[in-house]
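The values are calculated or read from the model by the stated rules, or taken from the named source; none is laboratory data. Since the structure is predicted, the reported quantities are computational estimates derived from the model, not experimental observations. Glycine gets a Cβ as well: all are built from the backbone with ideal geometry, and neighbour counts include every protein chain shown. Calculation scope for accessible area: heavy atoms of the full protein, side chains included, ligands and nucleic acids excluded. Shrake-Rupley method; radii C 1.70, N 1.55, O 1.52, S 1.80 Å.
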Amino acid sequence: MHTRRIGDVEVSAIGLGGMPMSIEGRPDEARSLATLHAALDAGVTLIDTADAYHLHADEVGHNETLIAKALASHDRGGDVLVATKGGHLRPGDGSWTLDGRPEHLKEACEASLRRLGVEAIGLYQFHRPDPRVPYADSVGAVRELLDEGKIRMAGISNANPEQIRQANDILGGRLVSVQNQFSPAFRSSEPELELCDELGVAFLPWSPLGGISRARELGSAYAPFARIAEAHGVSPQRVCLAWMLAKSPVVVPIPGSSRPETILDSLAAAELTLSAAEIAALDQV
């Protein structure tokens, strides 16, 4: 498995996003555990989750609990960097709400620590800016968690360039990751990717294949991905992830999966080398 870095930690070049195993359309627990174990067997050392990855109002942290169970039952579980997030909520009616208050983030972190069964969270990320709360206050809470040793590394998610710079300043230069949406269908995070490359901060694209419902349509929606995939004898999804990896050494895609075969196909993207001409063609999509 090829590797990249998040802060001072070496991780697999492609991680696993846990959200599909816990929200609408999720599989049974047995298939989710099989997916997580297949990823671990293949060398994954980065798993992304959040306390908001759940379906019903009374099961906050469903995905964190599932991941903790998978890691505890695998002999390589201790090698994994678990990245979780706080600041998003799911009331249970399918909606997503926000709570960036410092007191909430600290309580959420404590709850995540208990569910993950660790003394310190490997990477904790502020999930999404809350317009009702000054951004500096929310990130300041993350800084305090870092200073207190509750978390080992700090990141942010769904941030713009100004917020990235502000967060890095508030954290005293200790910002290690930015997790933003980025895919062939969602290219507006290019400025954030470029800034992360400049700062040496890991950029973690979420929904890199276009989301749970659209990932299978990638090849039909974007002809260059299908054409290049056919030339290499691989899936368009694999080409997409290889294209992202080629953009910058700070990019660490975290494709979501709920089936062993899909995460294994995604992981193979780290072995796929695209030509400069192919990358240029994909950049034009």
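Some points to look at:
- V142 part of a helix (DSSP H, G or I) and either of a type in the set (K, R) or at pLDDT 95 or above (or both): yes
- Out of L175, L245, one residue alone is among the aliphatic types (A, V, I, L, M) and without any contact (Cβ under 8 Å) to a residue 60 or more places away in the chain. It is L175.
- Inside segment 229-239, residues that are open to solvent by 40 Å² or more (accessible area, probe 1.4 Å) and aliphatic (A, V, I, L, M) make up a count of 1.
- No other residue among G15, G7 is surrounded by 24 or more Cβ atoms within 10 Å (Cβ to Cβ) and either of a type in the set (G, A, S) or under 15 Å from the mean Cα position of the chain (by Cα) (or both) apart from G15.
- Any hit, segment 258-280, residues being part of a helix (DSSP H, G or I), over 14 Å from the mean Cα position of the chain (by Cα) and at pLDDT below 95: no
- Residue within segment 240-254 that is closer than 13 Å to P184 by Cβ, open to solvent by less than 10 Å² (accessible area, probe 1.4 Å) and assigned to a loop (DSSP other than H, G, I, E, B) present: yes
- Taking the criterion of being over 14 Å from I156 (Cα atoms) and buried (at least 16 other Cβ atoms within 10 Å of the Cβ), the residues of segment 200-213 that qualify are S207, P208, L209, G210, G211, I212.
- Residue match in segment 146-159 (condition: closer than 15 Å to G86 by Cα and in a helix (DSSP H, G or I)): yes
- If you go through segment 78-105 and keep only what is more than 18 Å from the chain's Cα centre (by Cα), open to solvent by less than 10 Å² (accessible area, probe 1.4 Å) and not hydrophobic (A, V, I, L, M, F, W, C), you end up with just G100.
- Out of G122, G78, sole residue that is out of contact with any Pro (no Cβ under 8 Å at 6 or more places or on another chain) and free of Cβ contacts under 8 Å to residues at least 24 places away in the same chain: G78
- Test result for A226, touching a Gly at 6+ places or on another chain (Cβ under 6 Å) and either open to solvent by less than 60 Å² (accessible area, probe 1.4 Å) or in a helix (DSSP H, G or I) (or both): yes
- Only one of the listed residues (L46, L89, L105, L81) is in contact with a helix residue (DSSP H, G or I) (Cβ under 7 Å, 6 or more places away or on another chain) and of a type outside the set (S, T, Y). That residue is L105.
- Test result for L199, in contact with a helix residue (DSSP H, G or I) (Cβ under 9 Å, 6 or more places away or on another chain) and either over 26 Å from R165 (Cα atoms) or of a type in the set (S, T, N, Q) (or both): no
- Among the residues making up segment 39-57, a single one is under 18 Å from the mean Cα position of the chain (by Cα), assigned to a helix (DSSP H, G or I) and surrounded by fewer than 24 Cβ atoms within 10 Å (Cβ to Cβ): L40.
- P91 satisfies every condition listed in (1) under 28 Å from R5 (Cβ atoms); (2) of a type outside the set (G, A, S); (3) modelled with pLDDT under 95 except (1).
- Residue match in segment 230-237 (condition: of a type in the set (A, V, I, L, M, F, W, C) and either touching a Gly at 6+ places or on another chain (Cβ under 8 Å) or within 27 Å of A70 (Cα to Cα) (or both)): no
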